[in-house]
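Okay, structure first, notes after.
The values are calculated or read from the model by the stated rules, or taken from the named source; none is laboratory data. The shown structure was predicted, so the numbers you read here are calculated from the model rather than taken from an experiment. Cβ coordinates were reconstructed from backbone atoms using ideal geometry, including for glycine residues, and neighbour counts include every protein chain displayed.
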Amino acid sequence: MTTCVLDANAGRGPEEALRAAALASLDADLDVDLVVVGDEEKIAKHLGDIAHDAERLRVVHAPDAIDRSLSASTIASNSPNNAVSVGLRVACELGAPFISAGHPGFILHAARTILTRTAGADAAALAAVIPTTSLRGERNDPFALLLDIGACPEPSADVLVQFALMGAIYAARVADNAAPKVALLANATHADELPASRQAAHRALSALTTDEFVYAGLIRAEHMMTGGADVIVTDGFSGDVVVRTLEGIATTADDLLKQAQKRFRWRVGVSMLSSGLTRLRELADWENYGGAPLLGFEIPVIVTQSSSHHRALLNAIRLARKVTNKQVVPGIATALARLGSLGHGSTGDLS
Amino acid sequence: MDKTYIRTEFDTIADLLRTFRQRPEDKQTIPGARALLRELLNDKNDGTRRKIMFISGSPRQMRRVLTEKLRLDGIEPDSFVLKPNLSNLLLMRFSAIRSQVGYKLPTLLRSRLVNPQTTEFLFGDDSEQDGFVYSLYADLVEGRLPPAALPNIMSACGVSSREIDAAGNLAGPLVHTVRKPLRARVRRIFIHLERRSPTARFAAYGARVVPVYNYFQAALMLQVDDAMDADAVVRVADAMGRGGYSPFRLANSVQDIVRRGYVPADHIAKVLRDIGEARVHLGMTPSRFILDFAKALATIQLPTPSPVPWLEEIDYVALASDRKYKPPRFQVPRISLLD
């Protein structure tokens, strides 16, 4: 049985979070207990109208709202009893994963303040799955993992190596992919055309002897989705750009399909392709993926989009449960410790 | 009490057949139910034995199995009424097969005619119309609802005229010329949320109807009502632990019943003190489960909402259409990555 802590104040508000928590509480196969953090009065009001299993659902009061227009440190000092800070503390006490559709910048700030970093991790990385045309792992999953997508905009070479390891452990355990292929995102095919830190990371990864992953070298953006690698490592700035571009493409493709409904012949064509298009939509729909894991802390943290509906949050709960059951965090700790013992230790970069 | 005492699934034909084939020893008692019943049977105020009546919509063919199961649990019901579904089927009374109102209400009224002064605790579940039926019965016997209102209400429930007449004939003699205060005859109605239906469904019935997720919540409520003492409540908690509950989940259910306004938060503090006193003053050794449960309870936040109000008037005709709860069908597309 896993316990998950869920921020009920964020995103679309308590109703969506509570619907997700309620569904999770009713799913006997999921075997998850939920701690829902937010304004207790609002939560109580909504809970009465939602079918749920109260035995598997606990409420922790966190009355302060987060003003997203303020800086993270200002939010922390002005609203100390916000659902993210309270939720992270509760998650820490319980050794449970924390899930939030809140402001990623504030979640990262709060995590850095409240949680302990995994030993050997100089920085945390936010990871996301992206769909690919090739299948991998025992489950034939059509996903690759991209990290970092925003937590660390300018990582050092050592940090990129740590990200590679964290991503590989995550992919191995969550996607059942025993020795994933790890590649470094690059804008060139030759290392000497890269920025200095990227060159250094490439050299370090090429020289690294490890059972955790196979280093596949550099990968350009256009090959990410054709299955060139299972784990793609980059800095937070370019990772964020990649993910948002992909989201934009998915939204645009959907809009274009709607345009295609205007003519009868096009409608017929689209309806003939409907099952394939449905599959494509499912693959591209971020709500199906369960959110972005924030790797490098003592407990799993899952960040979902602020526009998450209950489906996304329920999938985030599923992901959190899987990450916990598969011991991803201890696996990362062990792997980073081994990395340190091989002399690829931290540089003390505190990004 | 009805079939809510044991796990009985009648939702599908396969469930029905399985239920029929089960032996008494195979029937699973819902955790805490047996302990609660045993504690409740002893009136703590005067030491007398309370009576227990089983009314179930289960068919009569299950009598032998159900009575044997109760006997195995050390419980001898004073009366046991099951539904004559076979007769209903043979007489083509198809609406009577489905109807709970037309069956349970006359049964309760008939029982009260034998013991008109008795006070009752009623136990049902949310798979049928127990909250509605029991509350209607309570308002009838306490004089808040005149028998003349019954035909309208029961027609709205789709009950046959034969059953409406039967209920009317029984309710007539029970009319009190003096309106009894709330809780005078029916002190509480516990609805076990077997289907986990939304608790707001029962708000229209007021504080008398208490939806419960488990029988420990019922035990706490009974202690608040001074119908059960602290030791008995602890024994029910222990039984929950033996029934597979974790301290975390049981503590969650305590927070739930406090949050819904049925049990005050300071009552829980009293329960914790009682556990502590039993240990210190009486030399009793609470079980590991009770100690862990007390720890979980000490750290859980307990809100202080307004208490649920007792309602003098309930619009049963309006509630007649909202009786049987159907869990919503909801499927979230699953991707293998998350499994």
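Only a single item in (1) buried (at least 21 other Cβ atoms within 10 Å of the Cβ); (2) small (Gly, Ala, Ser); (3) touching a strand residue (DSSP E or B) at 6+ places or on another chain (Cβ under 8 Å) is not met by B:Ala227, and it is number (1).
Table: residues versus (1) at pLDDT below 85; (2) touching a helix residue (DSSP H, G or I) at 6+ places or on another chain (Cβ under 7 Å); (3) closer than 30 Å to A:Ala44 by Cβ.
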{"residue": "B:Asp165", "(1), (2), (3)": "no, no, no"}
{"residue": "B:Leu170", "(1), (2), (3)": "no, yes, no"}
{"residue": "B:Pro173", "(1), (2), (3)": "yes, yes, no"}
{"residue": "B:Val178", "(1), (2), (3)": "yes, no, no"}
{"residue": "B:Pro181", "(1), (2), (3)": "yes, no, yes"}
{"residue": "B:Arg188", "(1), (2), (3)": "no, yes, yes"}
{"residue": "B:Glu194", "(1), (2), (3)": "no, yes, yes"}
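Just checking, does region A:122-141 include any residue being in contact with a helix residue (DSSP H, G or I) (Cβ under 8 Å, 6 or more places away or on another chain), among the hydrophobic types (A, V, I, L, M, F, W, C) and closer than 16 Å to A:Ala10 by Cα? No, because not a single residue in region A:122-141 is in contact with a helix residue (DSSP H, G or I) (Cβ under 8 Å, 6 or more places away or on another chain), among the hydrophobic types (A, V, I, L, M, F, W, C) and closer than 16 Å to A:Ala10 by Cα.
Inside region B:182-213, residues that are within 14 Å of chain A (Cβ to nearest Cβ), surrounded by fewer than 23 Cβ atoms within 10 Å (Cβ to Cβ) and closer than 20 Å to B:Asp315 by Cα make up a count of 5. A count restricted to region A:48-83 and to residues that are touching a Ser or Thr at 6+ places or on another chain (Cβ under 7 Å) and of a type in the set (S, T, N, Q) stands at 0. The helices (runs of 4 or more DSSP H) found entirely in region A:79-175 that carry 1 or more residues being within 17 Å of A:Leu6 (Cβ to Cβ) and within 14 Å of another protein chain (Cβ to nearest Cβ) are A:83-94.
Looking only at residues in region A:57-67 that are buried (at least 20 other Cβ atoms within 10 Å of the Cβ) and among the hydrophobic types (A, V, I, L, M, F, W, C), the one that is modelled with the lowest pLDDT is A:Ile66.
Looking at the structure I just gave you, is A:Ala121 surrounded by 19 or more Cβ atoms within 10 Å (Cβ to Cβ) and either touching a residue at least 60 places away in the same chain (Cβ under 8 Å) or not basic (Lys, Arg) (or both)? Answer is yes for this residue.
Filtered by the rule that a residue be surrounded by 24 or more Cβ atoms within 10 Å (Cβ to Cβ) and touching a His at 6+ places or on another chain (Cβ under 6 Å), region A:162-191 gives a lone residue, A:Leu184. Quick check on A:Ala204: is it in contact with an Asp or Glu (Cβ under 7 Å, 6 or more places away or on another chain), touching a residue at least 12 places away in the same chain (Cβ under 8 Å) and either closer than 21 Å to A:Gly296 by Cβ or within 14 Å of chain B (Cβ to nearest Cβ) (or both)? When the stated conditions are applied, A:Ala204 does not pass them.
Taking region A:25-56 as the range and being small (Gly, Ala, Ser), crowded, with 24+ Cβ neighbours inside 10 Å and facing chain B (nearest Cβ under 9 Å) as the test, the residues that pass are A:Ser25, A:Ala54.
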